[in-house]
Amino acid sequence: MKIFSPSYKRSEGVKTHLLIPDVIYCVAENEKKDYLKHGYNIETMPNEVNGNIARVRNYMLKHFVKDKGIIIDDDIEGLKMWTKKYGVITTIDIEDIEEFIEQGFNLCKEFGARLWGINILGDKGSYREYTPFSLTNPISASFMGFLKTDLKFDERIPLKEDYDYCIQNMNKYRKVLRLNYIHMIKKDHKNLGGCADYRTIEKEKEQLKILQNKWGKNIVKNDFKASNKRKESFDINPILKIPINGV
């Protein structure tokens, strides 16, 4: 089992190796020297693969992950677990992350899933201690564990590829394992490079429409939140309503 991390124009800004020393950064051939000079573990990909994170993930699944592996973001600063301490629900750092990941794969097999991940949000409001696992909720591409599958990321929607990939798994295997009691620490949209180079609100909306057309608006719903009595704010992340019974 190996841990891979796609990285693009971030040789000076990657952080995941500080948390997981054995992580392998997957970079374009023309950026190889920039990453090697820092002593990072790397795998290289053809230059033309970059520019579309869904295409990058497909390349990594085929050539690096293969039957079993993790794909994680390059700017992860920590993994935390919700626990009860002195009668209060709080968070603690996961000290042995590689052992935790192996346990995650064992749970994935026992649940009969092919894809597993962790909670997308880290606030207490998103965690219910009586539901430590869920099987019908999406996970983020920031942390995905893969067991052998023939499913691929949809390269038409590189800003919504994780939502689509989760729906694909629920459609085919009827479940995605999410460990609700674990969440990550990272600073989204603040690190230069990566998807930030081509992410705009206009493109987010265009790709959300493609995702809705693919799966239907009953499954992929817009998230409108009333910001005041006159206006509604648009969340670039949709709400998924998976028509499968269970948690």
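The values are calculated or read from the model by the stated rules, or taken from the named source; none is laboratory data. If you're wondering where the values come from, they're calculated on a predicted model, not measured in any experiment. Glycine also receives a Cβ, built like all others from the backbone with ideal geometry; neighbour counts cover every protein chain displayed.
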Cβ pairs under 6 Å, 6+ apart or interchain, first in the stretch 173-185 and more than 8 Å from Leu135 (Cβ to Cβ) and touching a residue at least 60 places away in the same chain (Cβ under 8 Å), second small (Gly, Ala, Ser) and surrounded by 23 or more Cβ atoms within 10 Å (Cβ to Cβ), ordered by first then second residue, are none
When every residue in the stretch 68-93 that is at pLDDT 95 or above and in a loop (DSSP other than H, G, I, E, B) is compared, the one surrounded by the most Cβ atoms within 10 Å (Cβ to Cβ) is Asp74
When (1) modelled with pLDDT of 90 or more; (2) closer than 30 Å to Glu95 by Cβ; (3) assigned to a loop (DSSP other than H, G, I, E, B) are applied to His183, the one that fails is (3)
Taking the stretch 144-172 and the residues there that are in contact (Cβ under 8 Å) with a residue 40 or more places away in the chain and aliphatic (A, V, I, L, M), the one that is nearest to Ile239 (Cα to Cα) would be Ile167
Scanning the stretch 118-149 residue by residue, those under 17 Å from Val65 (Cβ atoms) and of a type outside the set (Ser, Thr, Tyr) turn out to be Ile139, Ala141, Phe143, Met144, Gly145, Phe146, Leu147, Lys148
State whether the residues of the stretch 32-39 include one that is of a type outside the set (Val, Ile, Thr), within 15 Å of Phe4 (Cβ to Cβ), touching a helix residue (DSSP H, G or I) at 6+ places or on another chain (Cβ under 9 Å) and modelled with pLDDT of 95 or more.
no
Boolean, Val220 is under 20 Å from the mean Cα position of the chain (by Cα) and at pLDDT 95 or above: yes
Exactly one of Asp150, Asp162 is in a helix (DSSP H, G or I) and among the acidic types (Asp, Glu), and that one is Asp162
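I need the full set of residues from the stretch 165-178 which are of a type in the set (Lys, Arg) and either surrounded by 18 or more Cβ atoms within 10 Å (Cβ to Cβ) or assigned to a loop (DSSP other than H, G, I, E, B) (or both), in order please.
Step one: of the stretch 165-178, the residues of a type in the set (Lys, Arg) are 172, 174-175, 178.
Arg174, Lys175, Arg178 - these are the residues of the stretch 165-178 that are of a type in the set (Lys, Arg) and either surrounded by 18 or more Cβ atoms within 10 Å (Cβ to Cβ) or assigned to a loop (DSSP other than H, G, I, E, B) (or both).
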Counted residues in the stretch 106-134 being out of contact with any Lys or Arg (no Cβ under 7 Å at 6 or more places or on another chain), of a type outside the set (Lys, Arg), in a helix (DSSP H, G or I) and surrounded by 12 or more Cβ atoms within 10 Å (Cβ to Cβ) come to 3
Over the stretch 7-27, the set of residues touching a strand residue (DSSP E or B) at 6+ places or on another chain (Cβ under 6 Å) and free of Cβ contacts under 8 Å to residues at least 24 places away in the same chain is Val27
